[in-house]
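Quick notes on the structure that follows.
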Amino acid sequence: MKILAINLLNYREWTEKLGQDREWLIQKTQNEFMMKIHKICAEYGTFPLQLRYDNFIMVVDGISTEQLIVMKKDIRKLLPFDIKTCLGFGKTPLEAQMNASLCLYNSKIRENLDQNGMNDEPVVALHFDLNYNTLSLKSTSIYDSFLEIMETYLELARFLYKIGGIIQYLGGDNFLGFISINNIEDTIYKIEENKNLKLGIGIAYNARNAIKLATSALDEIRLNREKRWRIKKESQ
Ligand SMILES: Nc1nc2c(ncn2[C@@H]2O[C@H](COP(=O)(O)OP(=O)(O)OP(=O)(O)O)[C@@H](O)[C@H]2O)c(=O)[nH]1
């Protein structure tokens, strides 16, 4: 797997310059630049996991070194910060992001977008969704429902960590994960265990296409709920 990690340099200094009445401005600006970064990443076929906002990662299998270098320039042009970008490679998304992180926060290690560590592999996207979450809101408060969603997020994050996967909350009752192709069975077993969840799995040559297939698989589950997981693979 190949992961690109991005760090926004001097982010803390930028926030402190905004004064005490800054939190609304930080939230507004963070959402504005993530909006722009999502657009660029979609154009190149990837998807940013925003994590801490001042550092974030994306699966970039299926995207060439030349495209990554241009994509980085496009992102840099958008931001009021300088950025450092590092590629990481690994057998799993977790291992790849760990290797990218070693580069990102080590001032002695330069950016390495020109590094060819491993061949690109198929991207496996997981679109998790809670069953009937909206219906449950008739019998619980929106805040209790949100806490249930966050508890599920943590449960999935801990499970995926054990098999080398990564995950990001998407809003609503939706979560997006990435695993290596060898861990699909483990993930299906997890879904079989947890009756509250359904899962669309998408397999494609880049993250955007894999996510599209995962969401499409999830939509198919809603049409026929006998199975709570489905896999859709990009035709060669
Ligand atoms: N990020 C994201 N959010 C979604 C998506 N679909 C729905 N949502 C959000 O999730 C909330 C719940 O919608 P659903 O998950 O479709 O509905 P549900 O109540 O969980 O019922 P089922 O999923 O059909 O079992 C919606 O109000 C949206 O906020 C999606 O594809 N992506």
Of all residues in region 181-199 being touching a strand residue (DSSP E or B) at 6+ places or on another chain (Cβ under 7 Å) and over 23 Å from Phe146 (Cα atoms), the one that is surrounded by the fewest Cβ atoms within 10 Å (Cβ to Cβ): Ile181
Failed item in (1) surrounded by 15 or more Cβ atoms within 10 Å (Cβ to Cβ); (2) out of contact with any strand residue (DSSP E or B) (no Cβ under 9 Å at 6 or more places or on another chain); (3) of a type outside the set (A, V, I, L, M), with Trp229 passing the rest: (2)
Count of residues meeting criterion [out of contact with any Cys (no Cβ under 9 Å at 6 or more places or on another chain) and either charged (D, E, K, R) or assigned to a helix (DSSP H, G or I) (or both)] in region 168-215: 23
Selected residue [more than 14 Å from the ligand (Cβ to nearest atom), modelled with pLDDT of 95 or more and closer than 20 Å to Val123 by Cα] from Ile184, Ile211: Ile184
Any hit, region 111-134, residues being in a loop (DSSP other than H, G, I, E, B), over 29 Å from Leu8 (Cα atoms) and touching a residue at least 24 places away in the same chain (Cβ under 8 Å): yes
For Asn106: the one exception among (1) without any contact (Cβ under 8 Å) to a residue 12 or more places away in the chain; (2) open to solvent by 60 Å² or more (accessible area, probe 1.4 Å); (3) in a loop (DSSP other than H, G, I, E, B): (2)
Residue within region 129-138 that is within 21 Å of the chain's Cα centre (by Cα) and not aromatic (Phe, Trp, Tyr) present: yes
Residue among Gly177, Gly202, Gly171 that alone is within 18 Å of Pro48 (Cβ to Cβ), surrounded by fewer than 13 Cβ atoms within 10 Å (Cβ to Cβ) and within 14 Å of the ligand (Cβ to nearest atom): Gly171
Qualifying residue in region 131-153 (condition: within 12 Å of the ligand (Cβ to nearest atom), of a type in the set (Lys, Arg) and farther than 21 Å from Gly88 by Cβ): yes
The lone exception for Leu130 - which of (1) under 23 Å from Asn209 (Cα atoms); (2) modelled with pLDDT under 85 it fails: (2)
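The values are calculated or read from the model by the stated rules, or taken from the named source; none is laboratory data. For clarity, every value in this text was computed on a predicted model and none was experimentally measured. Cβ coordinates were reconstructed from backbone atoms using ideal geometry, including for glycine residues, and neighbour counts include every protein chain displayed. Quick note on the areas: whole protein, heavy atoms, side chains included, nothing else; ligands and nucleic acids left out. Shrake-Rupley method; radii C 1.70, N 1.55, O 1.52, S 1.80 Å.
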